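Read-outs throughout are calculated quantities, based only on the coordinates presented, and are distinct from any laboratory measurement. Bear in mind the structure is a predicted one, so any value in this text is a computation, not a measurement. Methodologically, a virtual Cβ is constructed for each residue, glycine included, from the backbone with ideal geometry; neighbour enumeration extends over all protein chains shown.
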Amino acid sequence: MGARAPRLLVTGFERFGPHKTNPTQALAERLDGEWFGPARVVSRVLPVSIAKIGPALETAIEETDPVAIVALGLAAGETCVRIERVAKNGLKFPYPDNDGKRPTGKIARGAPASRAATLPFNAILKRLLAAGIPARLSDDAGLYLCNAALWHLAGLADKRPFGFVHLPSTPEMVAEGLRREGETAPGKCASMGLRLQLAAVRVVLAEAARKALK
C-alpha cells in the first residue's frame, strides 16, 4: 500500500444566532474529497460553542494530520471575501453561542494579546482579485467564535500553514432576512453567491497547498 496523500483540513461552522443556515458548512461539505495537486481535502463542521471549539479543532487535527488548515466562517453584512491575518485574545459575543453562553474577557489568561495566521496572504489576495472575486485582508476577526477558532488554531497548527476566511451571506440568506424584517440598511443587503464563495475558497486552498508542499 502506498503512502497516504497529504491532507488539507477545511472547517466550516454549523448555523448560529439568527441565521437559519451557514454557507460555510455547505462549503466545507462540498469541498470534502477534492484534490489540490497531490493534497486531498478533508472537512469538518465545527460547533458554535466556546466550550467545544478548542477540543473540536484539536480532534480534527489529530484525526487528519493535515499539511495546512483553512477555517471558514460567516460574516453577515460583509461585502468581500475577508482573509483574516490576526486572532485576538478576547471574547465579546454579540449573541449567545449554541450552548446559550455569552462570555466576555480573555480566551486565555496570561497569553499574548494576539496571534498571527500563516497563510500566504498576499498571494491569495492577488489571485482572488485577478479572478474577479472581491476580497480584502483583515486584522480584525471579531470577538465571536470565528476569532476564537483562529486563536485556537494558532496554538494547534504547529508549523502548518493555517488561517481563517470570512465569507458574506448568500443572496438567499439576505432575501430571507428582508422577508422577515422588511426594509433594512443598504449594508445589510451585501451578499455573495455560494458558487463564487466556493471559487474563492478553492483559490485559498490552492495557495495553502502550494506553501505547505513546496
| field | Kyte-Doolittle at least -0.5, axis length at least 18 Å by Cα - qualifying DSSP helices, the chain | value | 194-213
| query | In percent, how large is the relative contact order of segment 7-213, given Cα pairs closer than 8 Å and 6 or more residues apart? | reply | 28
| Going by average Cβ neighbours within 10 Å, how do the peptides 38-46, 5-13 rank, with the highest at the top? | 5-13, 38-46
| How compact and how long is segment 51-208, expressed as Rg and Dmax of its alpha-carbon atoms in Å? | 16.2, 48
| message | Return the Rg/Rh ratio of segment 1-87 with Cα-based radii and a Kirkwood Rh. | response | 0.99
| message | Number of Lys pairs in segment 7-213 with C-alpha atoms less than 20 angstrom apart, excluding same-chain neighbours closer than eight positions? | response | 13
